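The values are calculated or read from the model by the stated rules, or taken from the named source; none is laboratory data. Quantities reported herein were computed from a predicted structural model and do not represent experimental measurements. Backbone-built Cβ (ideal geometry, glycine too); neighbour counts: all protein chains shown. Accessible surface areas use protein heavy atoms only, side chains included; no ligands, DNA or RNA. Shrake-Rupley method; radii C 1.70, N 1.55, O 1.52, S 1.80 Å.
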Amino acid sequence: MLKPESLLYSILGPIRSDIRPLACAIEAAEQLLFVRHFPIDDIKVTKHIYPYVAGQIRKSPCAAAKAVERLSPLCWDALVLKNLLSVYIGDDSMQMPPPGTLVIYLAVYAHFELPFSLAVKQYPDILFPLDADGHTADMEVIEALRRAQPLPVVRRMAFLSSDGYSLFPICPACNCTFDRDFQAYCDHCGQCLDWSHYEDAHIIFHDKPPVLT
């Protein structure tokens, strides 16, 4: 078992930035997973992790969130540049996940000293326990990895009674609308999003206009 600070220094090397917020986030995730036995899908960064980080670094939850979200890309970039994705995550082709997901990946590595993809195969009952509907751990793992791969955003055409038709973006995974355009991940399901071809995205007709008689 590795201490979060040791894990981060092994990835980042000497760094001027204060790594405590990300280290505390990893520590919180590790406690939730392996002491309190939270299923991965039940861990919410804003509810469970950022408040803990805030208490440890004596700042507001908002400041703690910004610190973790600022450090996460630095950590991911180091993993990519040093060809360490296969060592710590287990998949060289993976795109950067949301900060909360990266924290969980690193917490799993800190606990088992195994890349996430290998840890879930060796310890599925710990990380992805069966739910009430009997879904298997493997299905949960596949879904988690799928969400980390970017999918092109879809355009939906809806009929508005006063203004005619209107186009707006929706998530290609869950079909929900977004709180803001050009966000990296869906607010609802966590799907990684690709906006590069949004203007050319195919259109879904949501509502048909009324038939005039």
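Only one of R36, R58 is among the basic types (K, R), under 20 Å from Y123 (Cβ atoms) and surrounded by fewer than 22 Cβ atoms within 10 Å (Cβ to Cβ). Can you tell me which?
Being among the basic types (K, R), under 20 Å from Y123 (Cβ atoms) and surrounded by fewer than 22 Cβ atoms within 10 Å (Cβ to Cβ) holds for just one of R36, R58, which is R36.
In region 64-91, how many residues are within 14 Å of I19 (Cα to Cα) and of a type in the set (A, V, I, L, M, F, W, C)?
Number satisfying all stated conditions: 9.
I need every pair where a residue in region 78-106 that is closer than 15 Å to I11 by Cβ and assigned to a loop (DSSP other than H, G, I, E, B) has its Cβ under 6 Å from the Cβ of a residue that is among the aromatic types (F, W, Y) and modelled with pLDDT of 90 or more, sequence separation at least 6 or different chains.
From residues that are closer than 15 Å to I11 by Cβ and assigned to a loop (DSSP other than H, G, I, E, B), the pairs are I89/Y105; M96/W76.
For I49, only one of the following conditions fails: (1) more than 15 Å from L106 (Cβ to Cβ); (2) modelled with pLDDT of 90 or more; (3) within 15 Å of the chain's Cα centre (by Cα). What is its number?
The number of the failed condition is (1).
Can you go through E69, E30 and tell me which one is open to solvent by less than 50 Å² (accessible area, probe 1.4 Å) and among the charged types (D, E, K, R)?
Residue meeting the stated conditions: E30.
In region 117-130, is there at least one residue being β-branched (V, I, T), outside any loop (DSSP other than H, G, I, E, B), buried (at least 19 other Cβ atoms within 10 Å of the Cβ) and modelled with pLDDT of 75 or more?
So far as region 117-130 goes, yes, one or more of its residues are β-branched (V, I, T), outside any loop (DSSP other than H, G, I, E, B), buried (at least 19 other Cβ atoms within 10 Å of the Cβ) and modelled with pLDDT of 75 or more.
Going through region 32-77 one residue at a time, which ones are over 12 Å from V103 (Cβ atoms), among the aliphatic types (A, V, I, L, M) and either free of Cβ contacts under 8 Å to residues at least 40 places away in the same chain or not in a helix (DSSP H, G or I) (or both)?
Passing the criteria: V35, A54, I57, A63.
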